[in-house]
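Data block below; observations after.
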Ligand SMILES: NC(=O)c1ccc[n+]([C@@H]2O[C@H](COP(=O)([O-])OP(=O)(O)OC[C@H]3O[C@@H](n4cnc5c(N)ncnc54)[C@H](OP(=O)(O)O)[C@@H]3O)[C@@H](O)[C@H]2O)c1
């Protein structure tokens, strides 16, 4: 697939690198320096390149949105028309100090994104995992059991694309249902972050959802 990265920081930089190493064509975009985008592309290998958000969006089979909530409007304006695009958002609707969700319970960052882009096909994914574990999960992808990664969205075709990308990173994709379930996934992401950064366990935390008994 062609995967455009909108926001090439901790999440976008790592996931884009992993997607490229898994064989996808990746365009890194949206960082404060072009040099950084070029370095990411170089390190990710021959399948990756640097570009502007508009290049990342052009002909993309999927886009990863990985920016702070306060940057949404700016990056979307730079990406141009996203009608019909599959957008995986790992972004959380956090306040400026990254201490609280600014949208919860009755909506979510992913649903607000869908309102901004009614013709795009939004999937909420990758936000329940600390970026520090991504390379470790990718390296262990051939070992069972894989950690779980919940995702949700309203469009089955986009969700199939998301599930493939999630599997490529090394997770077991768990379909949590329609996009409104992001209301529960986004606060869950903060629980994971709390355990990872303040619970003493460290960011290498990943999780598995398993059935016990019948
Ligand atoms: N980090 C995690 O473990 C994690 C986990 C789950 C969900 N999330 C969510 O994922 C989203 C991205 O998080 P992140 O940790 O990847 O953030 P980040 O490292 O700060 O990445 C954000 C990207 O946006 C770029 N950016 C910021 N301001 C810009 C500007 N004025 N012009 C151009 N580019 C600009 C940054 O550029 P530079 O590269 O130049 O800084 C960076 O590439 C957030 O919504 C976060 O809540 C993060």
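Quick note: the coordinates plus some simple rules give every number you see, no bench work behind them. Nothing here was measured: the structure is a model prediction, and the numbers come from that model. So basically every Cβ, Gly included, is an ideal-geometry build from the backbone, and we count neighbours across all protein chains shown.
Among 183, 39, 141, which one shows the biggest mean-square fluctuation in a GNM of the chain, springs joining Cα atoms closer than 10 Å?
Between 183, 39, 141, it is 39 that shows the largest mean-square fluctuation.
Would you mind ranking 119, 58, 14 by Cβ crowding within 10 Å, fewest neighbours first?
Numbers: 119 10, 58 14, 14 22.
Least crowded to most crowded, the residues run 119, 58, 14.
As a footprinting exposure proxy, order 70, 131 by other Cβ within 10 Å, with the fewest listed first.
70, 131
Which residue fluctuates most in the GNM of the chain (Cα springs below 10 Å): 115, 38, 47?
115
Can you tell me which of 30, 151, 197 moves the most in a GNM of the chain? Springs connect C-alpha atoms under 10 Å apart.
In the Gaussian network model the winner is 197.
Under the rule of -39500 (n - 2.57) per DSSP H run of 4 or more residues, summed and divided by the residues of the chain, what mean residue ellipticity at 222 nm is obtained, to the nearest 500 deg cm²/dmol? Please list the in-between numbers first.
Working: 8 runs with 80 residues, N = 214.
It lands at -11000 deg cm²/dmol.
Measuring from label point to label point, each 7 Å out along Cα→Cβ, what is the residue 99 to residue 68 span in nm?
Once both label points are built, they end up 1.5 nm from each other.
What ranking do 132, 111 get, fewest neighbouring Cβ atoms within 10 angstrom at the top? Kindly include the intermediate steps, with their values, before the conclusion.
On the way: 132 15, 111 22.
Least to most surrounded, the residues fall as 132, 111.
So what are the three principal axis dimensions of the chain from its Cα atoms, in whole Å, longest to shortest?
Taking max minus min along each principal axis of the Cα atoms, the chain gives 48, 38, 35 Å.
Roughly how many whole Å is it from the C-alpha centroid of region 46-91 to that of region 94-162?
15 Å
Where does region 96-206 land on Rg(C-alpha)/(2.2 N^0.38 Å)?
Working: Rg = 14.3 Å, N = 111, 2.2 N^0.38 = 13.2 Å.
Dividing the Cα radius of gyration by 2.2 N^0.38 Å gives 1.09.
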